[in-house]
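Notes to accompany the following structure.
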Amino acid sequence: MKNFIKILSKGILIIIIVLVIATAILSSTYLLVNKTNGQIETSGQLRKYLIYVPDSYDSNTPTPLVISIHGFVQWPAHQQSLSGWNALADEHGFIVVYPQGTGFPLRWNTRPLTDDPTAMAKEIQFFTDLIDALSQSYNIDQSRIYANGMSNGGGMTHLLACELSDRIAAIGGVAGAYVYPWEHCQPSRPMPVIAFHGKYDSLVPYNGGPTNVRDFGHMFSPVLEWAANWAKINGCADTPETIPTIGEVSGIHYTSCDENAEVIFYTVEGGGHTWPGGEELPTWIAGHTTQDINASELMWEFFSKYLLGQ
């Protein structure tokens, strides 16, 4: 009996040691891939971000800023590699920042929460403070600050469009989880919008309904309704124009908008919860990634038309 207890104790000890080592390896790996290179204090919290400044940056020249926001369970470096914004920053000479969410797994608080009524306001304050901090370190063109995001990050972009329209010139969303209530969305000006969504997105369903993401319990509205709501807010014509089909991608374009704040929405036939033209995610998790268009390139082309206050 004593030998059995001794063997059992050794076995348990070995298991504990293995678990500790595994935890240390996973933690180290997470810290390695979740790299950031900047941080600010905001709302009593230390918040991090990953910034990319192209070699062509000239401190004497006002420079556009693109804010690209990761999705639920993702992180800044993943958003960087997924979207390919750095290559466009090199080509066109703008700065890109990839902010980091909070919690574990990382996320953005994009709707009112009964258990933490201040969470959403803290997110908005973070972006306000982030823009201010970067503007102190770099010559940021205050008329050319743009936001975009993936999934939950798209939802954060939508929230910024509603609540920070005095700082953000235009927004873009990919597979966006747009959950901020429309009755609360009152931007101070029309907001130019470009968005992309896959028809076979099971995480944020194209036609609305529940998601299969654990702990995110929410019923989504159809994404075409979301686009139509932005067109209505922007005072666009009721009926959108049709964008010529490119491979498996079709689109609609709301025009005749107040202050020329157009709304463009691309549909990827067969597309999943993915970034068009970006890094491909595992199909069994996210579905198909189209390469018929490049969402980041189309966003930048769209963003380039808009300057805040003009």
Residue under question is ILE252, and the condition is that it be surrounded by 15 or more Cβ atoms within 10 Å (Cβ to Cβ) and either outside any loop (DSSP other than H, G, I, E, B) or among the hydroxyl-bearing types (Ser, Thr, Tyr) (or both); does it hold? yes
(message) Checking the structure you have, find out if any residue of the stretch 75-84 is assigned by TED's automatic domain parsing to the domain that holds ILE293, assigned to a helix (DSSP H, G or I) and aliphatic (A, V, I, L, M).
(response) yes
Those residues of the stretch 91-114 which are farther than 19 Å from PHE72 by Cα and either of a type in the set (Asp, Glu) or surrounded by fewer than 15 Cβ atoms within 10 Å (Cβ to Cβ) (or both) amount to GLU91, THR114
TYR254 fails exactly one of (1) within 30 Å of TRP284 (Cβ to Cβ); (2) among the aromatic types (Phe, Trp, Tyr); (3) in contact with a helix residue (DSSP H, G or I) (Cβ under 6 Å, 6 or more places away or on another chain), namely (1)
For LEU159, the lone unmet condition from (1) more than 19 Å from VAL193 (Cα to Cα); (2) out of contact with any strand residue (DSSP E or B) (no Cβ under 9 Å at 6 or more places or on another chain) is (1)
The one condition GLU41 fails out of (1) farther than 23 Å from SER165 by Cα; (2) modelled with pLDDT of 95 or more; (3) over 18 Å from the mean Cα position of the chain (by Cα) is (1)
Examine the stretch 208-222 for a residue that is assigned by TED's automatic domain parsing to the domain that holds GLU297, modelled with pLDDT of 95 or more and of a type in the set (A, V, I, L, M, F, W, C), and state whether such a residue exists. no
Notebook entry, point to check: Can THR267 be described as free of Cβ contacts under 8 Å to residues at least 60 places away in the same chain, surrounded by 18 or more Cβ atoms within 10 Å (Cβ to Cβ), on the phi < 0 side of the Ramachandran plot and within 20 Å of the chain's Cα centre (by Cα)?
Noted result: no
Every listed condition ((1) touching a residue at least 60 places away in the same chain (Cβ under 8 Å); (2) surrounded by 22 or more Cβ atoms within 10 Å (Cβ to Cβ)) holds for PRO76 save (1)
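The values are calculated or read from the model by the stated rules, or taken from the named source; none is laboratory data. This is a predicted model, so every value here is computed, not measured. We place every Cβ from the backbone using ideal geometry, glycine too, and count neighbours over all the protein chains shown.
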